Structure formats: structure tokens, C-alpha cells
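Engineer: Here you go, one structure.
The values are calculated or read from the model by the stated rules, or taken from the named source; none is laboratory data. Because the structure is a prediction, the values reported are computed rather than measured. Using ideal geometry, Cβ is built from the backbone for each residue, glycine included, and neighbour counts are taken over all protein chains shown.
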Amino acid sequence: MLLAVIAVSLTVSVLVYLGLFGFAVSQYRSSREHAQSETVDPHEFSAKNRPETVYTSAELEYFDVLWKGEYGKWRASEYSANDTAYTYVHGPYCPHDEHALRIQTVSKWIVLSEHVWVCDACDRTYPYPDDEIGDGTIVERAMHRRIKRKRQANGSD
């Protein structure tokens, strides 16, 4: 009698564990399929508006991808006498063919995922620096330095 009770309880325990495992696997697959289809438009990178009066532009390779920047004022030149010039950054772009990159979440290992930049034109992927890019000001500051050096070399500043 005792053996029958032990056998039944072991069978029930195994079935419960198998059910929980099956549920976990189905949840993982569902979230993975959703995450792989999730993309973000990378061109909403800069919080500032694109300048209407552009004094100079530059390109910068940072985080292994291409960024384009412009230095100027937000209004047309006839209205911008009192405006402060600023650096505007847009991108990222593929360094091989300059097509716009998109962000995609891909699975890594069994339960982990990571973000990558994807070029739809050439099917290349570039690692997305989740921990380093922050709010993007690091790229904006690097672009500002690049444009400042370019303007100094041209005698504009």
C-alpha cells in the first residue's frame, strides 16, 4: 500500500514538473518570437530638430557604425541672427553602403537576448552598445568635437 502511494505521488510530481517545464518553454518561445520582430527607428536619435541653416556637416564612425552630423541653427539664415548654433546627429548608417540601420532584438543563447543594428541592404549586423550609448550624448559630443576640428581647420571658428 505504501509503495502504491509513493508511486502515485512520484508520478503526479513528475507530471507537474513536466507541465511547468512545458509552460516555461512555450512562454520563452512566444517572447522570443515577439522580441525578434520588435524594431525601433534609429533616426529618432537626436532630441533636437534638424537645423535649417547648416554651416558644416561631418561623418563619424563610432560604435562601429556611421553617424552623420550637421552644425547649424534651427531657423532659416534670415531669421537666425540670435539663435545659438548646435550639433545635430542622425543615424546610424551602415559603414559599408551607408543605408540606414534599424535596431533589432535577437536571441542569444537559450534565454538571453541582445540588441543589434541591422542593415537590410547588405544583411550585416553590428553590435548595439546597450551599456555605452546611454541617451546618445556620447555620440553627439564626439560629433561636436569632429565638427569643431573641421571648422577650425577651415578657419570658420
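Engineer: For the subset of region 105-157 comprising residues that are of a type in the set (D, E, K, R) and outside any helix (DSSP H, G or I), which member is surrounded by the fewest Cβ atoms within 10 Å (Cβ to Cβ)?
Structural biologist: In this case the residue turns out to be 123.
Engineer: On to the next question. Could you please find all residues in region 53-69 being hydroxyl-bearing (Ser, Thr, Tyr) and not in a strand (DSSP E or B)? Reasoning before the result, please.
Structural biologist: If we filter region 53-69 for residues that are hydroxyl-bearing (Ser, Thr, Tyr), which is where we start, we get 53, 55-57, 62.
Passing the criteria: none in range.
Engineer: Now for a separate question. Please verify whether residue 31 is outside the structural domain of residue 133 (by TED's automatic domain parsing), within 23 Å of the chain's Cα centre (by Cα), modelled with pLDDT under 90 and of a type in the set (Gly, Ala, Ser), treating the condition exactly as stated.
Structural biologist: Numbers: outside the structural domain of residue 133 (by TED's automatic domain parsing): yes; within 23 Å of the chain's Cα centre (by Cα): yes; modelled with pLDDT under 90: yes; of a type in the set (Gly, Ala, Ser): yes.
So residue 31 fits the description; yes.
Engineer: Take residue 77 and tell me if it is crowded, with 17+ Cβ neighbours inside 10 Å, in the same structural domain as residue 139 (by TED's automatic domain parsing), modelled with pLDDT under 85 and not acidic (Asp, Glu). Before you say what the answer is, go through the steps one by one.
Structural biologist: Working: crowded, with 17+ Cβ neighbours inside 10 Å: no; in the same structural domain as residue 139 (by TED's automatic domain parsing): yes; modelled with pLDDT under 85: yes; not acidic (Asp, Glu): yes.
When the stated conditions are applied, residue 77 does not pass them.
Engineer: Could you list, in sequence order, all residues of region 125-157 that are among the hydroxyl-bearing types (Ser, Thr, Tyr) and under 18 Å from residue 105 (Cβ atoms)? Give the derivation first.
Structural biologist: Filtering region 125-157 down to residues among the hydroxyl-bearing types (Ser, Thr, Tyr) leaves 125-126, 128, 137, 156.
Matches in region 125-157: 125, 126, 128.
Conditions (1) among the aliphatic types (A, V, I, L, M); (2) more than 16 Å from residue 60 (Cα to Cα); (3) in contact (Cβ under 8 Å) with a residue 60 or more places away in the chain; (4) in the same structural domain as residue 59 (by TED's automatic domain parsing), marked per residue:
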| site | (1), (2), (3), (4) |
| --- | --- |
| 90 | no, no, no, yes |
| 113 | no, yes, yes, yes |
| 123 | no, yes, no, yes |
| 136 | no, no, yes, yes |
| 141 | no, no, no, yes |
| 147 | yes, no, yes, yes |
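Engineer: Here is a further query. Read through the list (1) at pLDDT below 90; (2) surrounded by fewer than 18 Cβ atoms within 10 Å (Cβ to Cβ), then give the number of the only condition that residue 46 fails.
Structural biologist: Of (1) at pLDDT below 90; (2) surrounded by fewer than 18 Cβ atoms within 10 Å (Cβ to Cβ), only one is false for residue 46: (2).
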